[in-house]
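Undergrad: Pasting a structure below so you can have a look.
The values are calculated or read from the model by the stated rules, or taken from the named source; none is laboratory data. Small disclaimer: the values here were computed from a predicted structure and weren't measured. A quick note on method: Cβ atoms are made from the backbone with ideal geometry, for glycine too, and the neighbour counts reach across all protein chains shown. When the accessible area is computed, the model is the full protein with side chains, heavy atoms only, and any ligands, DNA or RNA have been set aside. Shrake-Rupley method; radii C 1.70, N 1.55, O 1.52, S 1.80 Å.
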Amino acid sequence: MSTASTIHRARFDRVSLEFATPKGTLRVVDDVSYDINDGDFIAVIGPSGCGKTTMMSMLAGFQKPTSGKVLFDGHPVTGPGPERGVIFQEYGVFPWLTVKDNIAFGLKLKANHVPVAERDQICEHYLALMGLSDFANSYPKHLSGGMRQRLAIARAYAVKPQFLLMDEPFGALDAQTRANMQNLLLKVLATEGKTVMLITHSVEEAIYLASRIVVVTARPARIKEIIEVPFAYPRDESLQERPEFGELRSYIRELVMSEYRAQQAQLSPASFSE
Amino acid sequence: MDGSVARRFLLGLAPWVGAVALWYGVRWSGFVNESLIPAPHQVAAKFVELLLKEGLLVDVFASTRRVFLGVMLGIAAAVPVGFLLGWYRPARTFADPMINFFRALPPIALIPLVIVYFGVDEMAKLVILFYASFFAGVIVMYEGVSQITPLYIRVAQTLGAGEFEIFRKVIIPLTVPHILTALRVALGVAWATLVASELIAAQRGLGAMIQNASTYFLLDVIYVGIICIGCIALIMDMILRRISARLLVWQERAVA
Ligand SMILES: Nc1ncnc2c1ncn2[C@@H]1O[C@H](COP(=O)(O)OP(=O)(O)OP(=O)(O)O)[C@@H](O)[C@H]1O
Ligand SMILES: [Mg+2]
């Protein structure tokens, strides 16, 4: 797949991960290999609890593989860093800071070198972009779940990481806001040229946004199939009306459904008695 | 707005009125020897007398000062120790049995030893109050700190925060609520220990006043002392709650 001209931003090289639990070791990621090239948009899709977040957290630098290597810019990942922005599944909005101070948090850190004079303007920009301007001085306890999620997105975008790791970033949003956020992300990518790894449960979202879709199996997460999305950027919503979109959607849905069924079979009481 | 303030005031006042009524009731019921229960108005009269003639304020000041200093020193030590224990799991395994051993000892039992090592002066009383505040504070701190989720630290790291920035901008804000709770718990414990600490040859102080009164069977003085301790503890707790509410506006609270 990779030619001499493509640059590997990140690489999973025969990566496996096991957790030690009271009931013994739990294999969560199993022999996963794929590359993420500069400018790629990778969507990861698979049944709940299969190990997607775990896979991402190895690249983010919070978890070490039990075997295999996770490389970023050619070096093994040793910890988190601001060049890899993360939007967490649990948002992680700081409850003790106002909405605006949450966005400003990253801008005030030494590592990001944002001049004091520009911080306010950047904050205002993302507040407006995320529809949070009216709540700039509120504490997160006054925000809805979807607003907290948008705040987490704004905070991650504000420091302009080259590589974005997004764990179900639009999961709590209504269909309309979700579409807005997707289009906004496409726009940000077109102007800022980022590389993205996105975890999602929505097949439509994966096809609409990604350049490549990694379908993973039920736990332990193995690669079931990697699908090149054949649509060129820039994309807009009319894409979703095209017959090719529908065909690809049916195909991927069937892949995901078969893994979902496999997971249900694993969980059913019958399998415990064996 | 005004109505609700008045309502809250009345609601807060009602149990006190009830307590005084009950007090009179027990006294007049005839079940208890009247000489064993001074009436509320007699206690009030004694209060005024002590205030004007015996320098009750000196006792109040001496006790409040002891409690304040004991709690401040105790918490100043408990915050870093409790923090380290809560933060580093190995430290907890190491120190937990030790802490629980000392915490279980009643301060009164230590008085003879404290007298041997620290004499009978102000220092000895402070040591007792320090001891009580410290162990109460340490437990609260380490329970609280050990429950801080790593999520916020991870978020800060992915935004580019260094070690020191994480400490200053994430860990401190998350620790403040636990420091305030530790202070409140320690204040309660310290007031509860005050009388014991003033068993050590105290000249002045509410605890000393109560003990001297008990030698002469001055029940009304004892009542005045007890009520004073309760009132000051209550006021201190109210002030601390105000400060907490100010500092912790961001916290989600279940408010009925
Ligand atoms: N620290 C841990 N210790 C033990 N087990 C863990 C740990 N973290 C995750 N797991 C287990 O690993 C499995 C995969 O978890 P993970 O969070 O990666 O799933 P996921 O694919 O992101 O699911 P979802 O789509 O529901 O977010 C789960 O069964 C979970 O219980
Ligand atoms: Mg997940």
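Undergrad: For residues that are hydrophobic (A, V, I, L, M, F, W, C) and out of contact with any Ser or Thr (no Cβ under 8 Å at 6 or more places or on another chain), scanning just segment A:166-180, find the one that is nearest to A:A10 (Cα to Cα). Show your work before the answer.
TA: Going residue by residue through segment A:166-180, those that are hydrophobic (A, V, I, L, M, F, W, C) are A:166, A:170, A:172-173, A:175, A:179.
With out of contact with any Ser or Thr (no Cβ under 8 Å at 6 or more places or on another chain) added as a condition, the list becomes A:166, A:172-173, A:175, A:179.
On the way: A:M166: 15, A:A172: 28, A:L173: 29, A:A175: 31, A:A179: 28 Å.
Applying the filter and picking the extreme gives A:M166.
Undergrad: When you check A:V93 against the structure, is it at the interface with chain B (Cβ under 9 Å from one of its Cβ atoms) and either within 16 Å of ligand 1 (Cβ to nearest atom) or open to solvent by 30 Å² or more (accessible area, probe 1.4 Å) (or both), yes or no? Full working, then the answer.
TA: Details: at the interface with chain B (Cβ under 9 Å from one of its Cβ atoms): yes; either within 16 Å of ligand 1 (Cβ to nearest atom) or open to solvent by 30 Å² or more (accessible area, probe 1.4 Å) (or both): no.
Criteria not met by A:V93.
Undergrad: Answer with yes or no whether B:W28 is of a type in the set (F, W, Y), in the same structural domain as B:P173 (by TED's automatic domain parsing), more than 18 Å from B:G230 (Cα to Cα) and open to solvent by 40 Å² or more (accessible area, probe 1.4 Å). Talk me through it step by step, then tell me what you get.
TA: Numbers: of a type in the set (F, W, Y): yes; in the same structural domain as B:P173 (by TED's automatic domain parsing): no; more than 18 Å from B:G230 (Cα to Cα): yes; open to solvent by 40 Å² or more (accessible area, probe 1.4 Å): yes.
For B:W28, the condition - of a type in the set (F, W, Y), in the same structural domain as B:P173 (by TED's automatic domain parsing), more than 18 Å from B:G230 (Cα to Cα) and open to solvent by 40 Å² or more (accessible area, probe 1.4 Å) - is not met.
Undergrad: Examine segment B:142-153 for a residue that is touching a Lys or Arg at 6+ places or on another chain (Cβ under 6 Å) and in a helix (DSSP H, G or I), and state whether such a residue exists.
TA: Within segment B:142-153, not a single residue is touching a Lys or Arg at 6+ places or on another chain (Cβ under 6 Å) and in a helix (DSSP H, G or I).
Undergrad: Of the residues that make up segment B:149-165, is at least one under 18 Å from the mean Cα position of the chain (by Cα), surrounded by 17 or more Cβ atoms within 10 Å (Cβ to Cβ), within 14 Å of chain A (Cβ to nearest Cβ) and within 26 Å of B:W87 (Cα to Cα)?
TA: Filtering segment B:149-165 down to residues under 18 Å from the mean Cα position of the chain (by Cα) leaves none.
Scanning segment B:149-165 turns up no residue that is under 18 Å from the mean Cα position of the chain (by Cα), surrounded by 17 or more Cβ atoms within 10 Å (Cβ to Cβ), within 14 Å of chain A (Cβ to nearest Cβ) and within 26 Å of B:W87 (Cα to Cα).
Undergrad: Another one. Determine which member of the set A:A10, A:A60, A:A20, A:A43 is over 25 Å from A:H201 (Cβ atoms) and among the aliphatic types (A, V, I, L, M).
TA: Criteria check complete, one pass: A:A20.
Undergrad: Any residue at all in segment A:215-224 that's away from chain B (no Cβ under 14 Å) and more than 16 Å from ligand 1 (Cβ to nearest atom)? Steps first, please.
TA: Initially, segment A:215-224 is screened for residues away from chain B (no Cβ under 14 Å), giving A:215-224.
With the extra rule that they be more than 16 Å from ligand 1 (Cβ to nearest atom), the set shrinks to none.
Checked against the condition, which is being away from chain B (no Cβ under 14 Å) and more than 16 Å from ligand 1 (Cβ to nearest atom), segment A:215-224 yields no hits at all.
Undergrad: Another question, if that's okay. Quick one: how many residues across segment A:180-211 are in contact with a Leu (Cβ under 7 Å, 6 or more places away or on another chain) and farther than 18 Å from A:D38 by Cα?
TA: Matching residues across segment A:180-211 total 5.
Undergrad: Condition (residue is within 16 Å of ligand 2 (Cβ to nearest atom), assigned by TED's automatic domain parsing to the domain that holds A:P47, farther than 25 Å from A:S144 by Cα and in a helix (DSSP H, G or I)) applied to segment A:248-256: is it met by at least one residue?
TA: Applying the first criterion (within 16 Å of ligand 2 (Cβ to nearest atom)) to segment A:248-256 yields A:256.
Those left that are additionally assigned by TED's automatic domain parsing to the domain that holds A:P47: A:256.
Subset that is farther than 25 Å from A:S144 by Cα: A:256.
Among the residues that remain, those that are also in a helix (DSSP H, G or I) are: A:256.
Yes, because at least one residue in segment A:248-256 is within 16 Å of ligand 2 (Cβ to nearest atom), assigned by TED's automatic domain parsing to the domain that holds A:P47, farther than 25 Å from A:S144 by Cα and in a helix (DSSP H, G or I).
Undergrad: Looking at this structure, is B:I171 closer than 28 Å to A:N102 by Cβ, within 14 Å of chain A (Cβ to nearest Cβ) and open to solvent by less than 30 Å² (accessible area, probe 1.4 Å)? Reasoning before the result, please.
TA: Working: closer than 28 Å to A:N102 by Cβ: yes; within 14 Å of chain A (Cβ to nearest Cβ): yes; open to solvent by less than 30 Å² (accessible area, probe 1.4 Å): yes.
So B:I171 passes the test.
Undergrad: Now for a separate question. Pairs please, first residue from segment A:192-207 and within 14 Å of another protein chain (Cβ to nearest Cβ), second anywhere and more than 15 Å from ligand 2 (Cβ to nearest atom) and open to solvent by 10 Å² or more (accessible area, probe 1.4 Å), Cβ atoms under 9 Å, 6+ apart in sequence or on different chains.
TA: Hits for this filter: A:M197/A:D40.
Undergrad: Here's another thing I want to ask about it. I'd like the full set of residues that are of a type in the set (S, T, Y), out of contact with any Asp or Glu (no Cβ under 8 Å at 6 or more places or on another chain) and within 15 Å of ligand 1 (Cβ to nearest atom), limited to segment A:41-75. Let's see the steps before the verdict.
TA: To start, the set of residues in segment A:41-75 that are of a type in the set (S, T, Y) comprises A:48, A:53-54, A:57, A:66-67.
Add one more test, that the residue is out of contact with any Asp or Glu (no Cβ under 8 Å at 6 or more places or on another chain), and what stays is A:48, A:54, A:57, A:67.
Correct list: A:S48, A:T54, A:S57.
Undergrad: Find the residue count for segment A:48-101, including only residues that are within 14 Å of ligand 2 (Cβ to nearest atom) and touching a Pro at 6+ places or on another chain (Cβ under 7 Å). Can you show your working first?
TA: Initial filter on segment A:48-101 (within 14 Å of ligand 2 (Cβ to nearest atom)): A:48-60, A:62-63, A:86-92.
Now drop any that are not touching a Pro at 6+ places or on another chain (Cβ under 7 Å), which leaves A:51, A:58, A:60, A:62, A:87.
Here the count works out to 5.
Undergrad: What about A:V32, is it within 9 Å of ligand 1 (Cβ to nearest atom), among the aliphatic types (A, V, I, L, M) and either touching a strand residue (DSSP E or B) at 6+ places or on another chain (Cβ under 9 Å) or open to solvent by less than 10 Å² (accessible area, probe 1.4 Å) (or both)? Full working, then the answer.
TA: Working: within 9 Å of ligand 1 (Cβ to nearest atom): no; among the aliphatic types (A, V, I, L, M): yes; either touching a strand residue (DSSP E or B) at 6+ places or on another chain (Cβ under 9 Å) or open to solvent by less than 10 Å² (accessible area, probe 1.4 Å) (or both): yes.
So A:V32 does not fit the description; no.
Undergrad: Is it the case, given these coordinates, that A:D101 is at pLDDT 95 or above, of a type in the set (D, E) and out of contact with any strand residue (DSSP E or B) (no Cβ under 8 Å at 6 or more places or on another chain)?
TA: yes
Undergrad: Go through (1) of a type in the set (S, T, N, Q); (2) within 11 Å of another protein chain (Cβ to nearest Cβ); (3) open to solvent by 10 Å² or more (accessible area, probe 1.4 Å) one by one and return the number of the condition A:S67 breaks.
TA: The single condition A:S67 does not satisfy is (2).
Undergrad: All but one of (1) in a loop (DSSP other than H, G, I, E, B); (2) more than 26 Å from A:L109 (Cβ to Cβ); (3) without any contact (Cβ under 8 Å) to a residue 60 or more places away in the chain hold for A:A179; state the number of the condition that does not hold.
TA: Status for A:A179: all satisfied but (1).
Undergrad: Here's something else I'd like to know. What is the number of the single condition among (1) open to solvent by 20 Å² or more (accessible area, probe 1.4 Å); (2) within 16 Å of ligand 2 (Cβ to nearest atom); (3) within 17 Å of the chain's Cα centre (by Cα); (4) within 30 Å of A:D31 (Cβ to Cβ) that A:Q162 does not meet?
TA: (2) is the only condition that A:Q162 fails.
Undergrad: Separate question: I need a count of the residues in segment B:186-223 that are in a helix (DSSP H, G or I) and open to solvent by less than 60 Å² (accessible area, probe 1.4 Å). Steps first, answer last, please.
TA: Kept after step one, since they are in a helix (DSSP H, G or I), are these residues of segment B:186-223: B:186-197, B:206-215, B:219-223.
From what's left, open to solvent by less than 60 Å² (accessible area, probe 1.4 Å): B:186-191, B:193-197, B:206-211, B:213, B:219-222.
The number of residues fulfilling the criteria is 22.
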